[in-house]
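Only one structure is covered here, and it is reproduced in the block below.
A short reminder: the numbers here are calculations on the coordinates, not readings from a lab. Since we're looking at a predicted model, the values are computed, not measured. When we count neighbours, we look across all protein chains shown, and the Cβ atoms used for this are built from the backbone with ideal geometry, even at glycine.
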Amino acid sequence: MEDIQENYNHLLQQNEALRQENEELNLLLHAHGIYVVSLSGNKGNKKSYKISK
């Protein structure tokens, strides 16, 4: 059971690191006038993105 908890905690840490990296990349794009908009749709777990300038 401890292995499952350790794996879960590791995944949470990875998710947070990716979320922070994504935010930094979005700020960099915004600095250049590029905006990424997440579009929801019925594509299962896949997300579509629209890039506008």
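If you take all other residues with their beta carbon under 13 Å from the beta carbon of A17, and give Lys and Arg +1 and Asp and Glu -1, the sum is -3. In this simple spin-label approximation, V36 and I4 carry label points 7 Å from Cα along the Cα→Cβ vector, and these lie 3.4 nm apart.
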